[in-house]
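Structure, as C-alpha cells:
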Amino acid sequence: MAKLHENYETIMILNTKGTEEETKALVEKFTNLISANGTIETVEEWGKRKLAYEINDESEGYYVYVTFNCAPDFPAELDRVYKITDGVLRTLIVKREN
C-alpha cells in the first residue's frame with residue numbers, strides 16, 4: 001500500500017543582492033507553500049554564507065533548511081515553483097528515511 005505522506009528536507013540558497021525584507025518574503029513564500037501542502041517540522045535559517053563557487057556571478061547566498069512531511073507528489077510542484085522564482089540560486093529536495 002502506498003504511503004499517504006513522506007518525510008522530506010529541502011535546502012534553498014537565495015540571492016543576497018536584494019534587501020533583507022525581500023529575502024524574508026521569499027522564505028515566507030516557500031514556508032507558506034510547504035505548510036499549505038503538508039506539515040513543516042523545522043525551519044532553520046542558516047543565514048548568509050560564502051558559496052563554494054560562484055553561481056550567476058554571486059559569491060554569497062542566504063541558506064534556509066526546512067524539514068517537512070507531505071504527499072509524494074508535492075516535491076515536484078515545489079521544485080517547479082523554485083525554478084520559476086526570481087531570487088533562488090540553488091535548491092535541493094531529498095526524501096528522508098524514517
Lysine pairs in the chain with Cα distance under 29 Å, only those 8 or more apart or on different chains: how many are there?
20
Taking region 1-59, the equivalent ellipsoid from its C-alpha gyration tensor has semi-axes in Å, biggest first, of 28, 15, 9
Based on the mean of other Cβ atoms within 10 Å per residue, sort peptides 25-38, 71-84 so the most packed one is first.
25-38, 71-84
Based on Cβ point charges of +1 for Lys and Arg and -1 for Asp and Glu, what charge dipole magnitude is obtained for the chain about its Cα centre, in debye rounded to the nearest 20?
180
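Give me the net charge for the shell around residue 90: Cβ to Cβ below 13 angstrom, other residues only, Lys and Arg +1, Asp and Glu -1. Let's see the in-between values first.
Values: positive: 49, 83; negative: 54, 58, 60, 79.
Taking every Cβ under 13 Å from that of residue 90, the sum is -2.
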Which angle from 0 to 90°, rounded to the nearest 10, does the C-alpha axis of helix 20-37 make with the longest principal axis of the chain?
10
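Please report the net charge: other residues with Cβ closer than 11 Å to the Cβ of residue 16, K and R +1, D and E -1.
Details: positive: 17, 48, 49, 50; negative: 20, 22, 58, 60.
Taking every other residue near residue 16 into account, the sum is 0.
Let me check I've understood the local charge: for residue 35, count other residues with C-beta under 12 angstrom from its C-beta, Lys and Arg +1, Asp and Glu -1. What total comes out?
Every neighbour counted, the sum reads -1.
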extent check for region 15-98: Cα max minus min per principal axis, descending, whole Å, gives 35, 25, 23
For region 78-87, in residue order, the Karplus 3J(HN,Hα) values (coefficients 6.51, -1.76, 1.60; θ = phi - 60°; whole Hz; Gly and Pro = x) are 4, 4, 4, 5, 4, 5, 9, 9, 5, x
Compute the separation of the alpha-carbon centres of region 72-96 and region 1-42 and state it in Å as a whole number.
9
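Throughout, read-outs are computed from the coordinates displayed, never taken from laboratory work. Please read these numbers as outputs of a predicted model, since none were measured by experiment. We place every Cβ from the backbone using ideal geometry, glycine too, and count neighbours over all the protein chains shown.
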